[in-house]
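The values are calculated or read from the model by the stated rules, or taken from the named source; none is laboratory data. Quick caveat, the model's predicted, so the values are computed rather than measured. Cβ sites come from the backbone with ideal geometry, for glycine too, and all protein chains shown count toward neighbours. Side chains included, ligands, DNA and RNA excluded: accessible areas come from the protein's heavy atoms. Shrake-Rupley method; radii C 1.70, N 1.55, O 1.52, S 1.80 Å.
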Amino acid sequence: MVAVRTVDGATVNLLHLAGNSGPLVLFLHANGFHIKCYTPLAEHFAKHNYQCWGIEFRGQGSLPAPPGNLVDLYMSDLFAVVDSLSLRGPLPDCPLKPKLCL
């Protein structure tokens, strides 16, 4: 698990789910779920040479829920994780059409 500091000074968790090489797949989960629920799917992707990570958002999994608009916080948390991974623009090895772009 990697702790990522958010813009407002909180911490979200980036969890390695499966795979150690290849293009990165970043799993996001719905409200009320824990990111580890996606481990079986991540293991499938890893068999096809993807490295799979998931974000544990505030108020989900082991992290406490802060007051306020969680949707805005989730977006801020997502961008903090993307910044920590140095992801920018289309991913060059992404097989998705159109290419994934943040």
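Points to keep in mind about this one:
- Sole exception among (1) at pLDDT 90 or above; (2) under 12 Å from the mean Cα position of the chain (by Cα); (3) small (Gly, Ala, Ser) for SER84, by number: (1)
- Unmet criterion (only one of (1) open to solvent by 80 Å² or more (accessible area, probe 1.4 Å); (2) within 16 Å of LEU14 (Cβ to Cβ)) for TYR38: (1)
- Condition met for VAL25 (open to solvent by 80 Å² or more (accessible area, probe 1.4 Å), touching a helix residue (DSSP H, G or I) at 6+ places or on another chain (Cβ under 6 Å) and within 16 Å of VAL82 (Cβ to Cβ)): no
- Any pair with Cβ under 6 angstrom, 6 or more apart, that starts in region 63-78 at a residue that is under 16 Å from ALA3 (Cα atoms) and ends at one that is part of a loop (DSSP other than H, G, I, E, B) and of a type in the set (A, V, I, L, M): SER76/VAL7
- Only listed residue being assigned to a strand (DSSP E or B), open to solvent by 30 Å² or more (accessible area, probe 1.4 Å) and at pLDDT 85 or above, chosen from HIS16, HIS44: HIS16
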